[in-house]
Every structure is written in structure tokens, then in C-alpha cells.
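Taken together, the values in this text are just the output of simple stated rules run on the coordinates, not laboratory data. Note that the structure is predicted; figures quoted are calculated from it, not measured. Cβ coordinates were reconstructed from backbone atoms using ideal geometry, including for glycine residues, and neighbour counts include every protein chain displayed.
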Amino acid sequence: MPSLGVLNLMESTSQAAPQRSALAEFQSRLQAAQRREQSHETRFQTWQRRWADAKGPLIERMESIDEQLAHMADDKRTTPRLTIVRHDERDS
């Protein structure tokens, strides 16, 4: 019959292997999560730069549209300037 010391050694050896495997798996997942986070951060910074470049022209265009709409509203017309007419083939 094996001694108690040998049984303890066998138990600690059999538990150590799964613990190392779990630790390696954890480290692998942690590194993958860190890479994903870095990728997301890089994409977000790229988006911020693109938005900064596009923001000025968009603001100018919206201001121009607002001015055009305000100019159109200055007239005292009672009829609309824009009429949407739908032609339904079933009515023909």
C-alpha cells in the first residue's frame, strides 16, 4: 500500500496540470480581449478623425439649407411652394 506522502504527491501533481491549463487558457483569453480592446480603440480614433474632417462641411451645408428655408418662409404665400403629387396607376 502506498504511503500517505506518495498519495498526496500524486494528488497535487494531478491537480497542478489542470490548474496550469486553466491559467494558460485564462491568459490566452485575457490577451485576446486586450487585442480586441486595442483594435476597437484604434477604430474609434480613426472614426473621430474622419468625423472631425467631415463635420465642418456638414455644418456649412446645414446652415445653407437653413438660410434657404428661412428665405422661402419670408414670402407671404398662402399656397405651398412644393407639392408632392402621387400618381396611382389604379386611379387611371
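Based on the alpha carbons, how large is the Rg to Rh ratio for region 24-72 when Rh follows Kirkwood? For region 24-72, the value is 1.49. Placing pseudo-labels 7 Å out from each Cα toward the beta carbon at LEU58 and GLN27 gives an inter-label distance of 4.5 nm.
Remark: region 25-34, residue by residue, has Karplus-estimated 3J(HN,Hα) of 5, 4, 5, 5, 5, 5, 5, 5, 5, 5 Hz, where x stands for each Gly or Pro and the curve is 6.51 cos²θ - 1.76 cosθ + 1.60 at θ = phi - 60°.
For region 50-64, putting each phi into the Karplus relation 6.51 cos²θ - 1.76 cosθ + 1.60 with θ = phi - 60° gives couplings of 5, 5, 4, 6, 8, 4, x, x, 5, 4, 4, 5, 5, 5, 4 Hz, in residue order, rounded to whole numbers and with x for Gly and Pro.
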